[in-house]
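Have a look at the structure below, then the notes.
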Amino acid sequence: MRSDRPNAPHAASRRRHARAAAAQLERANAAYTILKLSFGALVVAAFLAASIALADPADPREDAASRAVIEDQLDAFARDAWEEAFAFAGPNIQALFQTPERFGAMVRGGYAMVWRPRSVDFLGAEQVEGGLAQRLRIIDQSGVAHQLRYFLQQVDGAWRIEGVTIEAEPALAA
(Lines give C-alpha, C1' and ligand atoms only; values in the text may rest on other atoms or scores of the structure.)
Protein backbone atom coordinates (compact mmCIF):
# COMPACT_ATOMS: atom_id res chain seq x y z
CA MET A 1 0.00 0.00 0.00
CA ARG A 2 1.39 3.36 -1.03
CA SER A 3 1.17 6.40 1.21
CA ASP A 4 0.66 9.95 -0.10
CA ARG A 5 2.56 11.41 2.85
CA PRO A 6 6.25 12.16 2.35
CA ASN A 7 8.61 10.13 4.41
CA ALA A 8 9.00 12.37 7.48
CA PRO A 9 12.49 11.18 8.53
CA HIS A 10 13.85 11.84 5.02
CA ALA A 11 12.25 15.29 4.88
CA ALA A 12 13.79 16.20 8.25
CA SER A 13 17.16 14.95 7.05
CA ARG A 14 16.92 17.08 3.89
CA ARG A 15 16.05 20.14 5.99
CA ARG A 16 19.07 19.53 8.25
CA HIS A 17 21.33 19.17 5.21
CA ALA A 18 19.89 22.35 3.68
CA ARG A 19 20.48 24.28 6.93
CA ALA A 20 24.02 22.91 7.18
CA ALA A 21 24.72 23.87 3.55
CA ALA A 22 23.35 27.38 4.14
CA ALA A 23 25.52 27.78 7.26
CA GLN A 24 28.56 26.55 5.36
CA LEU A 25 27.88 29.03 2.55
CA GLU A 26 27.54 31.85 5.08
CA ARG A 27 30.89 30.88 6.65
CA ALA A 28 32.49 30.72 3.21
CA ASN A 29 31.17 34.20 2.35
CA ALA A 30 32.53 35.58 5.63
CA ALA A 31 35.90 33.91 5.01
CA TYR A 32 36.01 35.37 1.48
CA THR A 33 35.32 38.87 2.84
CA ILE A 34 38.09 38.47 5.42
CA LEU A 35 40.42 37.17 2.73
CA LYS A 36 39.73 40.24 0.55
CA LEU A 37 40.35 42.58 3.48
CA SER A 38 43.47 40.66 4.54
CA PHE A 39 44.83 40.85 0.99
CA GLY A 40 44.38 44.62 1.05
CA ALA A 41 46.26 44.83 4.33
CA LEU A 42 48.97 42.62 2.89
CA VAL A 43 49.39 44.96 -0.07
CA VAL A 44 49.78 47.94 2.28
CA ALA A 45 52.23 46.01 4.46
CA ALA A 46 54.24 44.84 1.43
CA PHE A 47 54.53 48.42 0.25
CA LEU A 48 55.80 49.44 3.66
CA ALA A 49 58.17 46.46 3.84
CA ALA A 50 59.71 47.56 0.55
CA SER A 51 60.74 50.80 2.26
CA ILE A 52 63.21 48.93 4.47
CA ALA A 53 66.45 49.46 2.65
CA LEU A 54 69.14 50.27 5.17
CA ALA A 55 67.29 50.43 8.47
CA ASP A 56 68.93 52.27 11.35
CA PRO A 57 68.09 51.68 15.01
CA ALA A 58 65.35 53.97 16.23
CA ASP A 59 65.86 56.70 18.76
CA PRO A 60 65.08 55.23 22.22
CA ARG A 61 62.25 57.76 22.76
CA GLU A 62 60.65 56.86 19.42
CA ASP A 63 61.12 53.17 20.18
CA ALA A 64 59.30 53.60 23.51
CA ALA A 65 56.53 55.73 22.00
CA SER A 66 55.88 53.33 19.12
CA ARG A 67 55.98 50.38 21.51
CA ALA A 68 53.34 52.06 23.69
CA VAL A 69 51.02 52.45 20.68
CA ILE A 70 51.34 48.74 19.83
CA GLU A 71 50.81 47.73 23.48
CA ASP A 72 47.72 49.95 23.68
CA GLN A 73 46.29 48.40 20.50
CA LEU A 74 46.99 44.87 21.77
CA ASP A 75 45.22 45.79 25.02
CA ALA A 76 42.21 47.04 23.02
CA PHE A 77 42.19 43.78 21.03
CA ALA A 78 42.17 41.77 24.27
CA ARG A 79 39.03 43.65 25.36
CA ASP A 80 37.41 43.48 21.89
CA ALA A 81 37.40 47.28 21.96
CA TRP A 82 37.48 47.57 18.17
CA GLU A 83 36.82 51.32 17.95
CA GLU A 84 39.73 51.97 20.28
CA ALA A 85 42.00 49.52 18.40
CA PHE A 86 40.98 51.09 15.08
CA ALA A 87 42.00 54.53 16.40
CA PHE A 88 45.63 53.31 16.63
CA ALA A 89 45.61 52.42 12.92
CA GLY A 90 47.06 54.88 10.46
CA PRO A 91 45.04 56.64 7.79
CA ASN A 92 45.83 54.08 5.06
CA ILE A 93 44.60 51.16 7.20
CA GLN A 94 41.53 53.12 8.26
CA ALA A 95 40.75 53.95 4.62
CA LEU A 96 41.23 50.32 3.62
CA PHE A 97 38.91 48.83 6.26
CA GLN A 98 36.59 51.83 6.72
CA THR A 99 34.95 50.59 9.97
CA PRO A 100 36.17 49.19 13.28
CA GLU A 101 34.00 46.11 12.67
CA ARG A 102 35.71 45.29 9.36
CA PHE A 103 39.08 45.94 10.93
CA GLY A 104 38.17 43.59 13.79
CA ALA A 105 37.06 40.87 11.37
CA MET A 106 40.41 41.09 9.57
CA VAL A 107 42.36 40.88 12.84
CA ARG A 108 40.35 37.93 14.15
CA GLY A 109 40.55 36.11 10.82
CA GLY A 110 44.08 36.86 9.69
CA TYR A 111 46.06 37.95 12.73
CA ALA A 112 44.64 35.87 15.60
CA MET A 113 48.09 35.84 17.22
CA VAL A 114 47.78 39.58 17.96
CA TRP A 115 44.12 39.34 18.91
CA ARG A 116 44.76 36.90 21.78
CA PRO A 117 48.52 36.58 22.35
CA ARG A 118 49.87 34.45 25.17
CA SER A 119 53.01 36.59 25.31
CA VAL A 120 54.61 39.50 23.45
CA ASP A 121 58.32 40.36 23.26
CA PHE A 122 59.54 43.53 21.60
CA LEU A 123 62.75 42.93 19.64
CA GLY A 124 63.57 46.51 18.72
CA ALA A 125 62.62 49.32 16.41
CA GLU A 126 64.33 50.53 13.25
CA GLN A 127 64.03 53.75 11.32
CA VAL A 128 62.59 53.17 7.88
CA GLU A 129 61.56 55.52 5.13
CA GLY A 130 58.44 57.30 6.36
CA GLY A 131 58.55 56.06 9.96
CA LEU A 132 59.52 53.12 12.14
CA ALA A 133 59.44 49.35 11.95
CA GLN A 134 58.98 47.61 15.30
CA ARG A 135 59.85 43.88 15.46
CA LEU A 136 57.88 41.62 17.81
CA ARG A 137 57.86 37.96 18.78
CA ILE A 138 54.39 36.82 19.73
CA ILE A 139 53.41 33.47 21.19
CA ASP A 140 49.80 32.63 20.34
CA GLN A 141 47.33 30.70 22.49
CA SER A 142 48.47 27.40 20.92
CA GLY A 143 52.11 28.00 21.84
CA VAL A 144 53.18 28.89 18.30
CA ALA A 145 55.79 31.64 17.94
CA HIS A 146 55.35 34.35 15.31
CA GLN A 147 57.79 37.08 14.40
CA LEU A 148 56.04 40.20 13.17
CA ARG A 149 57.09 43.61 11.97
CA TYR A 150 54.82 46.56 12.71
CA PHE A 151 55.17 49.62 10.49
CA LEU A 152 54.36 52.94 12.12
CA GLN A 153 54.24 56.50 10.91
CA GLN A 154 53.70 59.82 12.63
CA VAL A 155 50.26 61.32 12.10
CA ASP A 156 49.66 64.72 13.70
CA GLY A 157 52.55 64.09 16.10
CA ALA A 158 51.42 60.63 17.23
CA TRP A 159 52.57 57.20 16.08
CA ARG A 160 49.98 55.18 14.16
CA ILE A 161 50.19 51.61 12.87
CA GLU A 162 50.23 51.42 9.06
CA GLY A 163 50.78 47.71 8.56
CA VAL A 164 51.96 44.41 10.00
CA THR A 165 53.87 41.68 8.25
CA ILE A 166 54.53 38.17 9.45
CA GLU A 167 58.29 37.85 9.14
CA ALA A 168 59.10 34.23 9.87
CA GLU A 169 57.42 30.87 9.64
CA PRO A 170 55.64 30.01 12.88
CA ALA A 171 57.51 27.65 15.18
CA LEU A 172 56.49 25.93 18.38
CA ALA A 173 57.52 27.96 21.39
CA ALA A 174 59.66 26.32 24.02
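For region 123-162, just say rounded, prolate or oblate: build the C-alpha gyration tensor, square-root its eigenvalues into a ≥ b ≥ c, call rounded for a/c under 1.5, and beyond that prolate if a/b exceeds b/c, oblate if not.
Note, shape of region 123-162 comes out prolate.
What distance in nm separates the simple spin-label points at Ala87 and Ala68, each placed 7 Å from Cα in the Cβ direction? Each label point lies 7 Å from its Cα, and together they span 1.5 nm. I'd like the carbon and sulfur percentage of the solvent accessible area for region 110-174, probe radius 1.4 Å, heavy atoms only, ligands and nucleic acids excluded. Percent of accessible area from carbon and sulfur atoms in region 110-174: 46.
For region 59-98, carbon and sulfur atoms together expose 48% of the accessible surface, with a 1.4 angstrom probe and every protein chain in place.
Rolling a 1.4 Å probe across the protein heavy atoms gives region 77-174 an accessible surface of 48 Å² per residue.
For region 94-161, what's the relative contact order in percent, using C-alpha pairs closer than 8 Å and at least 6 residues apart? RCO, region 94-161: 22 percent. Of the trypsin sites (Lys or Arg not before Pro) found in region 89-134, those in coil by DSSP whose Cβ has at most 14 other Cβ atoms within 10 Å are Arg118. For region 103-111, the Karplus equation 6.51 cos²θ - 1.76 cosθ + 1.60, evaluated at θ = phi - 60°, returns couplings of 4, x, 4, 5, 4, 4, x, x, 9 Hz by residue, with Gly and Pro reported as x. Backbone amide hydrogens, once placed in the peptide plane, bring Ala89 within less than 5 Å of Ile161, excluding anything fewer than 5 places away on its chain. Label sites at Leu123 and Arg102, each approximated as a point 7 angstrom past Cα along Cα to Cβ, lie 3.1 nm apart.
The values are calculated or read from the model by the stated rules, or taken from the named source; none is laboratory data. Since the structure is predicted, the reported quantities are computational estimates derived from the model, not experimental observations. Quick reminder, even Gly has a Cβ in these numbers, built from the backbone with ideal geometry, and neighbours come from all protein chains shown. Accessible surface areas use protein heavy atoms only, side chains included; no ligands, DNA or RNA. Shrake-Rupley method; radii C 1.70, N 1.55, O 1.52, S 1.80 Å.
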